[in-house]
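All of the numbers you see were taken from the coordinates with simple rules; none came from a lab. Note that the structure is predicted; figures quoted are calculated from it, not measured. Positions of Cβ are generated from backbone atoms using ideal geometry, with glycine treated the same way; all protein chains shown enter the neighbour counts.
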Amino acid sequence: MYKEISGNMDKNPSKEELERNLKPSGTYLDSLTEFANLLGTIRQAEDAAKELLSETDASGQPKKSDNKSDLLEKSKESADLERENDEMGGSADISKESDTDDDAPPRTLDEMLEQLDSLVGLDIIKQNVKSLINYVKVRKLREDEELPNPPLSLHMVFMGNPGTGKTTVARILSELYRAIGVLSKGQLVEVDRSGLVAGYVGQTAIQTSDVIKSALGGILFIDEAYSLAPEVGSGNDFGREAIETLLKMMEDHRDDLIVIVAGYSEPMERFIGSNPGLESRFNRYFMFEDYNSEELFEIFSSMCAKSEYLLTEDAAGFARDHFEFIYDTRDENFGNARHVRNFFENIVTVHSDRVSPQEKHSREDLTTVLLEDMEKASLL
């Protein structure tokens, strides 16, 4: 081909002849623009091939995506951590929790018990949890000695108003049970009715099964569980299908799954009584009492200290009076630590509105909460 081109060039070939000699066989590019387009197409094909390879594993098979329940759990993670912070009285380190290293060693039993003891109030709950841990430990010791043990059910009912620490205690329990070998993983999967019940016939069982499978090796925490069993006369409801699926899988995986159902006291009693299977499987009841005024103030003080806000003496006195008043006038919807969280956030907002217009800001200005801040915040 070189000789043929050279010969033509010696004869001063025309432009058309030269382009015809240079065209690849089977393809005719009539302009430089078409040639550039061809190169672009080749590059696009190479990029597409790289993208395809990135979506396959070492065997050439497509990589598996997270299942529905995993995605649901990830999407709720931030909200769960914020709620946990509320119920612990603001003592949880959200940034540390959200940046948890998967390779970090799990916490020891002593560390988990120390966290339990650090929670504000909940004295009876703490005692019950420790008794339960001791009971499980002795059972394992008896097994090691080949001694018989009575049947054990660790499924629990948490009853009480919102913001009383139910989610936090459930999370601690999941790690405690992992530490003593009752659970293989120790994760906490938190759901409510919307996470278990689908909108069409036949889908609820599938959706509930997927969520339960994601909790195997840990604890499934069902908040406001009474919503799965509507009151008599409410008509057909897919919540009953979710309950039946839950009961079956609790039996099938009784050695590596613990279920905690939670909600207001009276509705939870109705829920447990709505199905004989629920009554037989849930035989441990934990009552989470409302925080008293001193405990509410202690939770509030811990929130202020964590964010480095300092109360003047009269501001602190106002806060004590405020929490005493809301405790004395509380109703069945009392928010407990969640009310404290909202009040604290209102104070931060009012404080910012007062300090921001100032031309100069000292450290004291940025950290000190005055009586007038407290008074305005209580009206929001």
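Here r is the Cβ-Cβ distance between Asp255 and Arg338 and R0 is 41 Å; the resulting FRET efficiency, rounded to 0.05, is 0.70.
For the set Lys130/Lys166; Lys130/Lys185; Lys306/Lys376; Lys130/Lys306; Lys137/Lys185, the pairs lying more than 26 angstrom apart at their alpha carbons are Lys130/Lys306.
Between Asp328 and Lys130, what FRET efficiency follows from the Cβ-Cβ distance if R0 is 25 Å, with the result rounded to 0.05?
Working: r = 31 Å, r/R0 = 1.26.
The pair Asp328/Lys130 has a calculated efficiency of 0.20.
Whole-Hz Karplus values for region 262-271 come out as 9, x, 4, 4, 5, x, 5, 4, 5, 4 Hz, taken residue by residue from phi with 6.51 cos²θ - 1.76 cosθ + 1.60 and θ = phi - 60°; glycine and proline positions read x. Put simply, the amide H of Arg284, placed in the peptide plane, has neighbours under 5 Å in Val157, leaving out anything fewer than 5 places away on its chain. Remark: the Asp123-Glu294 segment gains 60.2 nm on full extension, using 0.36 nm per residue and subtracting the alpha carbon distance.
Give me the Å³ per residue figure for the convex hull around the C-alpha atoms of region 181-272. Don't skip to the end; give the middle numbers.
Details: hull volume 8.2 nm³, N = 92.
So the per-residue Cα hull volume is 89 Å³.
Listed values for region 147-159 are Karplus-derived 3J(HN,Hα) couplings in whole Hz (6.51 cos²θ - 1.76 cosθ + 1.60, θ = phi - 60°), namely 9, x, 10, x, x, 10, 10, 9, 5, 9, 10, 9, 10, and x replaces Gly and Pro. Karplus-derived 3J(HN,Hα) values for region 364-380, using 6.51 cos²θ - 1.76 cosθ + 1.60 with θ = phi - 60°, are 5, 4, 6, 10, 8, 9, 9, 4, 5, 5, 5, 5, 5, 5, 5, 8, 6 Hz; glycine and proline are entered as x.
Please give the FRET efficiency for Tyr285 paired with Lys306, using the beta carbon to beta carbon distance and R0 = 22 Å, rounded to the nearest 0.05. Please list the in-between numbers first.
Working: r = 33 Å, r/R0 = 1.49.
My answer for the efficiency is 0.10.
If the segment from Leu152 to Glu111 were pulled out straight at 0.36 nm per residue, it would be longer than the present Cα-Cα gap by 12.2 nm.
If you take all other residues with their beta carbon under 15 Å from the beta carbon of Leu152, and give Lys and Arg +1 and Asp and Glu -1, the sum is +3.
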